[in-house]
Amino acid sequence: MLRLNLVIVKIFLGLILGFFVHTFYPASFNTSLRITTIAFLSLVLLHLLAMRYKWLPTSFGVLLFIQGVALGMLLSSFHSPKAKPYHYSLELPIGKQLYIVMIREVLKPNSWSTRYIADLAAINKQRIEGGVLLTISRKNGTTKFHAGDFAAIHSDLKALPKTRQPYQFDYAAYLKTKHVYAQFTVDCEEVRGLTKESSHIFYTLSRFRESLKRQLQTYSFSAQQRQTLEALILGDRTGISDDMRKAYVEAGMIHILAVSGLHVGIVLWLLRRLTSFIHAYRWRYWRSGIIIACIWAFALFTGGSASVLRAATMFSFLEIGRNVGGQNQTANALLYSAFLLVLIDPLLLHQVGFQLSYLAVTGILWIQPWLSALFRSRYRVLRFIWNTLSVTLAAQIAVLPLSLYYFHQFPGLFLLSNLVVLPCLSIVLVLGILVVFLGAVDMLPSVVVKIIGSIIEAMNQFIAWVARQDDFVWRNIRLSIWVMLASYLSIYALILCFKKYSYQRLLLCLLVSLLLCSLLFLEHIHIPRSHLAIVNKARSTRLIAYSHKTLQLYHNHWVDTLKTETVVSNYLSAVPIERLDQDSLQAVYSINNKKLLIVDSLAVYDIEGLVPDVILLTQSPKLNLERLLTKYPKVTIVADGSNYKSYVARWKKTCISREINFHSTYEQGAYIMK
């Protein structure tokens with residue numbers, strides 16, 4: 001049983017609640033500071049009384065929790081952009097300005113643009129700060145930057161893109177967890193690199209990794225082998241093809257392409273093996289110091305991304321906890337590392353990688369020892385296989401509800417994948433580091449290139465084979481946040497009962513299982529409200545009607561594989577659907593006593609007896625909008641992605657002058673009639 005420091009647990013839980021309270025009811029920094037000070041002074045007073053009378057009241061635990069809530073609100077206020085005097089979000093600059101930015105992170109490019117996360121340094125030679133998304137079009141050429149580069153941009157700063165389709169992934173919300181609140185969308189002519197070089201260590205490491213990538217290109221690796229090696233060792237995933245990424249996603253192994261907790265955990269295990277010859281008890285701190293130094297060297301060498309730095313912090317605390325108190329202190333070490341990271345950056349709580357990493361390690365610490373004890377063998381091979389399976393199963397159990405909540409699919413062959421891939425990954429990490437450093441001094445033997453190339457090729461082919469087993473990938477699994485939380489309660493109760501049976505634990509299992517079944521039943525009988533969505537699609541018109549678990553796609557371009565359509569797959573993972581169909585567009589639709597009229601290039605809108613609530617303009621009809629609005633003065637005008645943008649701008653101006661509601665799917669995304 002893991003023994004946790006209950007004082008830190010209470011403060012940490014309060015801290016989390018304080019962050020969420022501030023999200024919905026933001027308080028000023030001064031107000032949060034007053035609440036925190038009062039709570040702290042109350043704690044000190046209560047502690048002094050307890051020391052004098054040798055009695056600690058139960059209210060002390062409540063005050064600890066309140067102190068955590070107040071501290072969470074204070075930290076949220078402190079880290080808020082509004083608390084920073086030079087942050088651009090206080091007053092978003094209007095019009096084109098001259099900005100100086102420093103590239104923070106290179107994102108995966110696509111066929112039409114390159115993308116970066118950058119930090120603002122100046123605007124018109126005046127100080128400004130804040131993170132931005134920089135998208136550079138490839139239409140007129142290619143401009144490439146590295147982490148730490150400075151660039152001058154002459155453009156206007158715009159708000160982050162809103163979701164365009166119903167139930168679409170909210171990319172803007174994701175970027176805000178990385179302290180990015182606005183974006184630049186520019187052509188090559190509007191941005192140029194500066195000769196100024198950053199003195200930041202990540203800039204130096206980025207240049208070093210670029211030289212290593214150029215050196216790797218001189219060896220006989222295939223393109224796919226080199227791209228995989230760059231992702232695993234150098235932390236550069238920009239070269240990974242879409243097909244390879246899709247195969248790793250379908251196999252449930254996409255996490256190995258991003259250097260994070262798994263890689264750092266393997267490095268920690270290897271370092272413990274390599275330093276196992278240091279037996280003396282008095283040398284244990286030297287051994288831990290060497291291990292932690294190597295972990296951080298690996299983290300910086302692979303790019304120093306937020307995920308790998310989090311993992312390095314977490315495993316450093318675990319190594320310290322193992323030294324200080326053995327296995328009993330590893331859980332507290334994990335708790336301390338999470339507490340420290342959240343104090344530094346409260347937005348980490350919203351990042352999926354942070355949540356999954358700590359849940360996976362918690363599962364390994366709590367569930368894996370019990371699973372490992374279920375099977376004993378005198379054969380080393382069998383012990384290795386079972387230990388690998390037990391670690392994989394423990395981590396998977398811990399992250400399963402959360403991964404279903406976020407990603408809506410489950411790879412059925414995850415045990416087989418991990419059993420094959422994890423040993424390969426360990427070998428690749430060891431040989432890959434050797435390849436990189438020997439390649440840097442031009443002393444890499446060709447036999448090592450062939451060995452690691454063969455291992456990577458075999459691993460990629462195995463992943464591709466697993467991805468092709470489509471029957472073992474369960475998709476479109478819907479899980480609400482309440483079912484997800486109830487699932488974790490069920491897992492906790494079941495593991496407790498399996499570890500040590502008692503009547504009380506069995507009763508707890510039954511009650512939690514009843515709660516989970518009740519929530520699942522309520523979700524099953526709940527039918528979302530019927531609606532008609534006018535979705536944004538370039539150069540075409542698409543409507544989606546959802547009613548009584550039936551989804552109907554209306555368009556004029558027949559699709560053979562309807563489930564692969566992005567807008568349809570978003571619905572499948574968000575709402576219950578029993579029937580899926582498609583049909584051609586009609587002129588009139590009715591939903592929930594509201595009528596929609598579609599006016600296409602023929603510009604026919606005068607239909608006897610029809611008074612539409614919404615008119616959809618599509619295929620750039622040449623009509624007199626003033627006359628149409630005179631006939632239907634209370635209508636809402638919607639323009640979709642099939643229209644010329646100049647037409648849409650003109651229609652918008654007309655509607656504003658007539659005080660008519662206007663919606664452009666170009667700018668505002670899908671329009672939904674409920």
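The values are calculated or read from the model by the stated rules, or taken from the named source; none is laboratory data. All values reported here derive from a predicted model rather than from experimental measurement. Reconstructed Cβ throughout: ideal geometry from the backbone, glycine too, with neighbour counts over all protein chains shown.
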Every pair of residues 6+ apart whose Cβ atoms lie under 7 Å, when the first sits in the range 570-593 and is closer than 20 Å to residue 674 by Cα while the second is crowded, with 17+ Cβ neighbours inside 10 Å and among the small types (Gly, Ala, Ser): 591/545
Single residue of 485, 553 found to be of a type outside the set (Gly, Ala, Ser) and in a helix (DSSP H, G or I): 485
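Please specify each residue of the range 504-527 satisfying the condition of being closer than 30 Å to residue 637 by Cα and surrounded by 14 or more Cβ atoms within 10 Å (Cβ to Cβ).
Step one: list which residues in the range 504-527 are closer than 30 Å to residue 637 by Cα, which gives 527.
Once the filter is applied, which keeps residues that are closer than 30 Å to residue 637 by Cα and surrounded by 14 or more Cβ atoms within 10 Å (Cβ to Cβ), the range 504-527 yields nothing.
Let's see how each residue does on (1) among the aliphatic types (A, V, I, L, M); (2) outside any strand (DSSP E or B):
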site: 528; (1), (2): no, yes
site: 534; (1), (2): yes, no
site: 537; (1), (2): no, yes
site: 544; (1), (2): yes, no
site: 559; (1), (2): yes, yes
site: 567; (1), (2): yes, yes
site: 570; (1), (2): no, yes
site: 576; (1), (2): no, yes
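With respect to residue 340, is the statement that it is part of a helix (DSSP H, G or I), surrounded by fewer than 19 Cβ atoms within 10 Å (Cβ to Cβ), assigned by TED's automatic domain parsing to the domain that holds residue 436 and out of contact with any Pro (no Cβ under 9 Å at 6 or more places or on another chain) true?
Numbers: part of a helix (DSSP H, G or I): yes; surrounded by fewer than 19 Cβ atoms within 10 Å (Cβ to Cβ): yes; assigned by TED's automatic domain parsing to the domain that holds residue 436: yes; out of contact with any Pro (no Cβ under 9 Å at 6 or more places or on another chain): yes.
Spelling it out, residue 340 is indeed part of a helix (DSSP H, G or I), surrounded by fewer than 19 Cβ atoms within 10 Å (Cβ to Cβ), assigned by TED's automatic domain parsing to the domain that holds residue 436 and out of contact with any Pro (no Cβ under 9 Å at 6 or more places or on another chain).
Given 447, 473, which one is of a type in the set (Val, Ile, Thr) and in contact with an Asp or Glu (Cβ under 7 Å, 6 or more places away or on another chain)? Steps first, please.
Values: 447 fails: in contact with an Asp or Glu (Cβ under 7 Å, 6 or more places away or on another chain).
Going through 447, 473 in turn, just one is of a type in the set (Val, Ile, Thr) and in contact with an Asp or Glu (Cβ under 7 Å, 6 or more places away or on another chain): 473.
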Unique match (being assigned to a helix (DSSP H, G or I), in contact with a Phe, Trp or Tyr (Cβ under 9 Å, 6 or more places away or on another chain) and not polar (S, T, N, Q)) among 134, 175, 120: 175
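Here is a yes/no grid of residues against (1) within 18 Å of residue 217 (Cβ to Cβ); (2) touching a residue at least 40 places away in the same chain (Cβ under 8 Å):
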residue: 406; (1), (2): no, yes
residue: 429; (1), (2): no, yes
residue: 439; (1), (2): yes, yes
residue: 446; (1), (2): yes, yes
residue: 461; (1), (2): no, no
residue: 475; (1), (2): no, yes
Failed condition for residue 563, given (1) basic (Lys, Arg); (2) at pLDDT below 85; (3) buried (at least 18 other Cβ atoms within 10 Å of the Cβ): (3)
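Looking at the structure I just gave you, is residue 516 under 30 Å from residue 672 (Cβ atoms), in a helix (DSSP H, G or I) and modelled with pLDDT of 90 or more? Full working, then the answer.
Numbers: under 30 Å from residue 672 (Cβ atoms): no; in a helix (DSSP H, G or I): yes; modelled with pLDDT of 90 or more: yes.
For residue 516, the condition - under 30 Å from residue 672 (Cβ atoms), in a helix (DSSP H, G or I) and modelled with pLDDT of 90 or more - is not met.
Looking at 510, 597, which is the one that is outside the structural domain of residue 635 (by TED's automatic domain parsing), farther than 17 Å from residue 166 by Cβ and not small (Gly, Ala, Ser)?
510
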In the range 74-122, the residues that are more than 21 Å from residue 345 (Cβ to Cβ), modelled with pLDDT of 85 or more and among the small types (Gly, Ala, Ser): 113, 122
Residue match in the range 316-324 (condition: in contact with a Phe, Trp or Tyr (Cβ under 7 Å, 6 or more places away or on another chain) and surrounded by fewer than 20 Cβ atoms within 10 Å (Cβ to Cβ)): yes
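Take residue 621 and tell me if it is touching a Leu at 6+ places or on another chain (Cβ under 6 Å), in a loop (DSSP other than H, G, I, E, B) and either modelled with pLDDT under 90 or assigned by TED's automatic domain parsing to the domain that holds residue 541 (or both).
No, not satisfied.
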Condition check for residue 612: closer than 28 Å to residue 166 by Cα, without any contact (Cβ under 8 Å) to a residue 24 or more places away in the chain and either not aromatic (Phe, Trp, Tyr) or not assigned by TED's automatic domain parsing to the domain that holds residue 166 (or both): no
Conditions (1) of a type in the set (A, V, I, L, M); (2) outside the structural domain of residue 144 (by TED's automatic domain parsing); (3) surrounded by 14 or more Cβ atoms within 10 Å (Cβ to Cβ): number failed by residue 223: (3)
Options 427, 463; residue that is assigned to a helix (DSSP H, G or I) and under 26 Å from the mean Cα position of the chain (by Cα): 463
Search result, residues across the range 331-353 that are without any contact (Cβ under 8 Å) to a residue 40 or more places away in the chain and under 24 Å from residue 284 (Cβ atoms): 333, 334, 337, 340
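Do we have residue 610 as touching a strand residue (DSSP E or B) at 6+ places or on another chain (Cβ under 7 Å), modelled with pLDDT under 90, farther than 26 Å from residue 668 by Cα and not in a strand (DSSP E or B) here? Steps first, please.
On the way: touching a strand residue (DSSP E or B) at 6+ places or on another chain (Cβ under 7 Å): yes; modelled with pLDDT under 90: yes; farther than 26 Å from residue 668 by Cα: yes; not in a strand (DSSP E or B): yes.
Yes, satisfied.
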Positions within the range 156-184 being in contact with a helix residue (DSSP H, G or I) (Cβ under 6 Å, 6 or more places away or on another chain) and modelled with pLDDT of 90 or more, in sequence order: 181
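Would you be able to say whether some residue in the range 234-241 is in contact (Cβ under 8 Å) with a residue 12 or more places away in the chain, part of a helix (DSSP H, G or I) and of a type in the set (Asp, Glu)? Spell out the reasoning first.
Taking the range 234-241 and keeping what is in contact (Cβ under 8 Å) with a residue 12 or more places away in the chain, we get 234-241.
Next cut, part of a helix (DSSP H, G or I) only: none.
No; the residues of the range 234-241 include none that is in contact (Cβ under 8 Å) with a residue 12 or more places away in the chain, part of a helix (DSSP H, G or I) and of a type in the set (Asp, Glu).
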Filtered residue count, the range 122-165, keeping only those that are more than 29 Å from residue 204 (Cβ to Cβ), without any contact (Cβ under 8 Å) to a residue 40 or more places away in the chain and polar (S, T, N, Q): 1
